[in-house]
Structure formats: structure tokens, C-alpha cells
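Visitor: The structure follows.
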Amino acid sequence: MSAFLRSIHFAFQGIAYALRTQRNARVHAGVACLVLAAGIYYRITTVEWAILALTIGFVFSAEMINTVAELAVDLLTQHYHPMAKVAKDVGAGAVLVAAIAGVGVGMAIFGPHVWAILR
């Protein structure tokens, strides 16, 4: 059990590192807080909460995996290399795809609520 608790501790250290050092991780966390507040305000359904939880987890996980890729590339080479650039660009692209998907989920869940207010 002690090893399990230590692994949980290390995982939280990783999350804290990402939030402390990665601007985009903080942006994603801030947007997630706004989305959660909107979910409370609009009283979304249980299924919508589940979809939002998965989407937030997906986007934040993509950001953290991108951080791992960037750190690994930086560890391997101190000099510019075209493949290092590609690795970093692909990682950033993965985060962008996840974020765009998140916007789509947000529009599907909150769009009807906002549209009803605007009418």
C-alpha cells in the first residue's frame, strides 16, 4: 500500500509541475473551471457532466503528455535538430486537436442553453 500511495504522490507532483511551469496547462485549468461553473449554472444533466469530465481530462492529459515530449526532447539534445522540432510540433498539434474537440463538446452542451437566452 505504501508504494501505491507514493505513486499517487508522485502523480500529483507531476500535475503540480505542469500547472506551475506550463502556461497552457494553466489556461486549460482556468477554462475547465469556467466550464464547470457554467455546468452548475445551466444545471446540465448527469450524462453531460460525464462528457465534460472526460473532455477536460482528455485535454489536460494531452497537455501533460506534450510537456513530457518537450522535456524528453530537451533532455536528449541541446542543439537544434529538425526531428526535435517535428516532435515538439506534433505534440503541440495533439493538444490543439484535443482543445478543438473540447470546444466542440462545449458548443454541443452549452450552445442550446446560450441560444435560448439570446433569443
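The values are calculated or read from the model by the stated rules, or taken from the named source; none is laboratory data. Quick caveat: nothing in here was measured; it's all calculated off a predicted structure. Neighbour counts are summed over all protein chains in view; Cβ atoms, including those assigned to glycine, are modelled from backbone coordinates with ideal geometry. Ligands, DNA and RNA are stripped out before the accessible areas are found, and what is left, the full protein with its side chains, is counted by its heavy atoms. Shrake-Rupley method; radii C 1.70, N 1.55, O 1.52, S 1.80 Å.
Visitor: Which order do the peptides 109-115, 90-96 take when ranked by the mean count of other beta-carbon atoms within 10 Å per residue, highest first?
Guide: 90-96, 109-115
Visitor: Give me the accessible area per residue for the chain, probe 1.4 Å, as a whole number in Å².
Guide: Heavy-atom accessible area per residue stands at 72 Å².
Visitor: Now, a different point. Report the calculated FRET efficiency for Y42 and Y17 (r = Cβ-Cβ distance, R0 = 41 Å), to the nearest 0.05.
Guide: 0.80
Visitor: Continuing with the same structure: Taking square-rooted eigenvalues a ≥ b ≥ c of the alpha carbon gyration tensor, is the stretch 70-119 rounded, prolate or oblate, where a/c under 1.5 means rounded and, failing that, a/b exceeding b/c means prolate?
Guide: The shape class here is prolate.
Visitor: While we're here: Enumerate by residue number the trypsin sites (Lys or Arg not before Pro) in the stretch 43-110 meeting two conditions: DSSP loop (anything except H, G, I, E, B), and at most 10 other Cβ atoms within 10 Å of the site's Cβ.
Guide: Sites meeting the loop and neighbour criteria: R43.
Visitor: Taking the Cα centroid of the stretch 6-41 and of the stretch 58-119, what is the distance between the two, rounded to the nearest whole Å?
Guide: Result: 14 Å between the Cα centres.
Visitor: Sum -39500 (n - 2.57) across every DSSP H segment of at least 4 residues in the chain, then divide by the residue count to get the 222 nm mean residue ellipticity, nearest 500.
Guide: When only DSSP H runs of four or more count, the value is -32500 deg cm²/dmol.
Visitor: Hey, another quick one. When a/c is below 1.5 the answer is rounded, else prolate if a/b is larger than b/c, else oblate, so apply that to the chain with a ≥ b ≥ c taken from the square roots of the Cα gyration tensor eigenvalues.
Guide: Taking the square roots of the gyration eigenvalues as a ≥ b ≥ c, the chain is oblate.
Visitor: Which residue, V47, V31, V59, has the most motion in a Gaussian network model of the chain that connects Cα atoms within less than 10 Å?
Guide: V47
Visitor: Still on this structure: Considering only protein heavy atoms and a 1.4 Å probe, what is the carbon-and-sulfur percentage of the accessible area of the chain?
Guide: Accessible surface attributable to carbon and sulfur in the chain totals 74 percent.
Visitor: Apply the Karplus parameterisation 6.51 cos²θ - 1.76 cosθ + 1.60, with θ equal to phi minus 60°, to every residue of the stretch 58-68 and state each ³J(HN,Hα) to the nearest whole Hz, in sequence, with x for glycine and proline.
Guide: 5, 5, 5, 5, 4, 4, 5, 5, 4, 4, 4
Visitor: Another one. Which FRET efficiency value, to the nearest 0.05, do you get for V97 and A72 by plugging their Cβ-Cβ distance into 1/(1 + (r/R0)^6) with R0 = 25 Å?
Guide: 0.80
Visitor: A follow-up question, please. Is the stretch 58-99 best put as rounded, prolate or oblate by its Cα gyration tensor, with a ≥ b ≥ c the root eigenvalues, rounded for a/c under 1.5, and otherwise prolate when a/b is larger than b/c, oblate when not?
Guide: Here the stretch 58-99 falls in the oblate category.
Visitor: When the gyration tensor of the stretch 2-59 is built from Cα positions, what are the square roots of 5 times its three eigenvalues, in whole Å, from largest to smallest?
Guide: Gyration-tensor ellipsoid for the stretch 2-59: 26, 16, 8 Å.
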